[in-house]
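> Dropping the structure in here first, questions after.
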Amino acid sequence: MPHVAMLVALSALFVSLIAPLASSQTSLAPANPPEDDIRTARLTVSPADEPRESLKYLLLPGFLDRKPGNAALHYHRAIAMMQNTNSDKDQQTISDWLEMPLAKIPLKDARKLLDGYQATLDEIHMAARRDECDWELPVRESKDPIGILLPEIQSMRSLARLTCLKVRVEIAEGKIDEAVETLQTQLAMGRHVAEAPFLVSGLVGIAMHGMAFEQANALMEQPDCPNLYWALTALPNPPIDLRGAFEAEMELVYMMFPVLRDVPTDPRSLEYWRGFLDQMANQWALYASNGQMEASHARVIVAGLALVGYPRARDSLIAQGRSREEVEALPVAQVVLLYTSQTFNEFRDRMFRWFPLPYWEAEKGMDEAEQFLKAESWRREIVPVASLLLPAIQAAKSAEVRNAQEVAMLRTVEAVRIHAARHDGQLPDRLDEVTEVPMPIDPYTGKPVAYRRDGRTVVLESMVLPDGRSDHRVRRYIVTFREK
Amino acid sequence: MSQEEDLPSELKAFEAELAALVPRADRLDAGRVMYLAGKASAARRSRAWPAAFAGMSVVAATLAVMLAVRPEPQTIDRIVYLPTSVTTAAPATEDAAPVAPAVPEREAPRRTAPPGWSIESAVLASVAPTPQWLTAAEVRRLPYPRFRDYVLRCGVDALPAAPASDSPAPSASPRRSGDWQRFLMEKSL
């Protein structure tokens, strides 16, 4: 007996050592990310007052610089020209020079490369100065939206890289006015790309703006760079508005499942509903399984789901006020499809209603809507549609706000430059000492950015989280000011 | 009989009582006596092992319950930004031409962001620390909702780059529309 007890005790010891290791393999939760993960820009700038003509510099083409017409036509011409002259070697070279510090870019070679794309750059310049941009994508008609969208996005990114290189070369050459004009082109391009009715297009446009604002950082570091406070203030807020894209995304389910758009409420024949459900099953299989599921399998699955979910759908319609006799007289498919459409709309509206609000008002609601979808969709949906099609709305909204955040940070830097220029190079100890121009608010929080000074260096932080945590929303600028 | 002294009366009574006593033969067991003696002489037994057994059994049972009822592991979306360097420009100098770069693969899945772009976001799952970017062909096959969610998760950097022209670059690229006209006329001759 003593030996048995000893063996059991040893086994218990072994299990108690192994169990924590086993559980840690699959329930790893990283600790708070280290502070290094905060997106940080480091600049060295000089004090500079606003220009005498406050709006001398603008970051989007002005009214008189723009012409009527559709920018998309010119972008397509530029894309065709670029494809005719572009090579993998050039693409790599452009990428390398974009990564390189300004001082190390071989300017003669960079100019020579840019000269080889002069026709393309001229066409891009024209495109950015058109009043409108209508890509005329047949998204409502096509069965292959990505086939339409992806080539446009890929090509516009190539154009953006080329334009970005042009800005960098102009900055390195000290050509401030040309660099500002090319920044106008870049920012206009980003807005034009985002005109396409897809969230993905908006994200690409925002990424293009991100590249442009990085070059704006490089420009602001030049000792003779003019103050861009009012140029940045004149930008639309947010610089790229995703409302148009979200309007399209809201209707995405009806583009993917046209049968759901007008589910008849009057009695129809069984054959009619059988065909209806078959169409739904085919489309659902396409989007649920990337087209790898057989149509016949999908029909069986959807029919089975419909049968199992019918009582829930019936009870829901009765709870909405229809009589039991009326509902039970309808075919199963009709009841299920009506319920599916209503349930999807409920989940969708619960998420999308928060989008027009400022981020600090919408954050909690968006988070709750996403949690509600995760927790309830498996319970309430009969055929999973909402869980397949609805986007991560918080991530999308955050992308839009992050773009506006960049402008707010740059405006704050420029405001401090103005203050320093008017106070003999002295930097403010607190941000509320800057009274020369209005201070922007942090689009994440609705409050001014956090500010602290250490000698000639100021640190600006947007979206400061409790306990020093960091996530993708936090942004930091560490700005060192030269003496007057 | 020897001559006995007469005992006092009280001792005679006591003598009579003692004589009435009969020894019990079953009260003494020699073997048992020896056993008890041996047992009493043995060392006191340790309770350490039973206590350890009980303790570890409780620990193991508790961990087993925790393992059974633990929640599903969560995928933590972690945004990673690779800084692109921004430095003060020195006066333009003539530098040596850059080393000819290697031609990038078009279809191979990328595990790092294309240069020139800051990474907007990358998913760092607890069991898959490397972002799983898709090839151009894989992206092309995605239905739009999945394509959109892929871009939201992985950022625009995960999109495949535009293919460069398959034809070699002309030795003299036209720059102006007049140049294009001459270029096209030359090509048509």
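> Only one of these conditions is not met by A:ASP90: (1) assigned to a helix (DSSP H, G or I); (2) at the interface with another protein chain (Cβ under 10 Å from one of its Cβ atoms); (3) touching a residue at least 40 places away in the same chain (Cβ under 8 Å). Which number is it?
Status for A:ASP90: all satisfied but (3).
> Quick check on this structure: which one of A:SER387, A:SER462, A:SER470, A:SER398 is of a type outside the set (Val, Ile, Thr) and touching a Leu at 6+ places or on another chain (Cβ under 8 Å)?
On the way: A:SER462 fails: touching a Leu at 6+ places or on another chain (Cβ under 8 Å); A:SER470 fails: touching a Leu at 6+ places or on another chain (Cβ under 8 Å); A:SER398 fails: touching a Leu at 6+ places or on another chain (Cβ under 8 Å).
When all the criteria are applied, what remains is A:SER387.
> Against the condition at pLDDT below 95 and either open to solvent by 30 Å² or more (accessible area, probe 1.4 Å) or over 28 Å from the mean Cα position of the chain (by Cα) (or both), how does A:ARG348 come out, does it pass? Step through it out loud before you land on a result.
Working: at pLDDT below 95: yes; either open to solvent by 30 Å² or more (accessible area, probe 1.4 Å) or over 28 Å from the mean Cα position of the chain (by Cα) (or both): no.
Here the answer is no, as A:ARG348 does not meet what is asked.
> Quick one: A:ASP467 ticks every box in (1) in a helix (DSSP H, G or I); (2) closer than 30 Å to A:ARG52 by Cα except a single one, so which number is it?
Exception for A:ASP467: condition (2).
> Next up: If you go through the stretch A:177-202, how many residues are closer than 9 Å to A:ILE240 by Cα and surrounded by 24 or more Cβ atoms within 10 Å (Cβ to Cβ)?
Qualifying residue count, the stretch A:177-202: 3.
> Out of A:LEU373, A:LEU410, report the one residue that is within 30 Å of A:GLN215 (Cβ to Cβ) and open to solvent by less than 40 Å² (accessible area, probe 1.4 Å). Write out each step before concluding.
Working: A:LEU373 fails: within 30 Å of A:GLN215 (Cβ to Cβ).
Exactly one residue qualifies, and that residue is A:LEU410.
> Name the residue that is farthest from B:PRO143 (Cα to Cα), counting only residues in the stretch A:262-279 that are in contact (Cβ under 8 Å) with a residue 60 or more places away in the chain and open to solvent by 70 Å² or more (accessible area, probe 1.4 Å).
Restricting attention to the stretch A:262-279, the residues satisfying the condition of being in contact (Cβ under 8 Å) with a residue 60 or more places away in the chain are A:263-265, A:267-268, A:270, A:273, A:276-277.
Right, trim to open to solvent by 70 Å² or more (accessible area, probe 1.4 Å) and you get A:265, A:267-268, A:270.
On the way: A:THR265: 30, A:PRO267: 33, A:ARG268: 32, A:LEU270: 31 Å.
Only one residue tops the list, namely A:PRO267.
> Now, a different point. Checking the condition within 17 Å of A:VAL193 (Cβ to Cβ), of a type outside the set (Gly, Ala, Ser) and under 25 Å from the mean Cα position of the chain (by Cα), which residue from A:ARG140, A:ARG77, A:ARG39, A:ARG129 passes?
A:ARG129
> Going by the conditions given, is A:ALA218 crowded, with 20+ Cβ neighbours inside 10 Å, small (Gly, Ala, Ser) and closer than 30 Å to A:VAL437 by Cα?
Spelling it out, A:ALA218 is indeed crowded, with 20+ Cβ neighbours inside 10 Å, small (Gly, Ala, Ser) and closer than 30 Å to A:VAL437 by Cα.
> Right, here's the next one. Do the conditions hold for A:SER95, that is, is it small (Gly, Ala, Ser), part of a helix (DSSP H, G or I) and at pLDDT 90 or above? Give the derivation first.
On the way: small (Gly, Ala, Ser): yes; part of a helix (DSSP H, G or I): yes; at pLDDT 90 or above: yes.
Yes: the conditions hold for A:SER95.
> Would you check if A:ASN282 is open to solvent by less than 10 Å² (accessible area, probe 1.4 Å) and either in contact with a helix residue (DSSP H, G or I) (Cβ under 6 Å, 6 or more places away or on another chain) or at pLDDT 90 or above (or both)?
On the way: open to solvent by less than 10 Å² (accessible area, probe 1.4 Å): no; either in contact with a helix residue (DSSP H, G or I) (Cβ under 6 Å, 6 or more places away or on another chain) or at pLDDT 90 or above (or both): yes.
For A:ASN282, the condition - open to solvent by less than 10 Å² (accessible area, probe 1.4 Å) and either in contact with a helix residue (DSSP H, G or I) (Cβ under 6 Å, 6 or more places away or on another chain) or at pLDDT 90 or above (or both) - is not met.
The values are calculated or read from the model by the stated rules, or taken from the named source; none is laboratory data. The structure presented is a predicted model; accordingly, all values stated were derived computationally and were not measured. Every residue, glycine among them, receives a Cβ derived from its backbone with ideal geometry; neighbour counts consider all protein chains shown. SASA here: full protein model, heavy atoms, side chains in, ligands and nucleic acids out. Shrake-Rupley method; radii C 1.70, N 1.55, O 1.52, S 1.80 Å.
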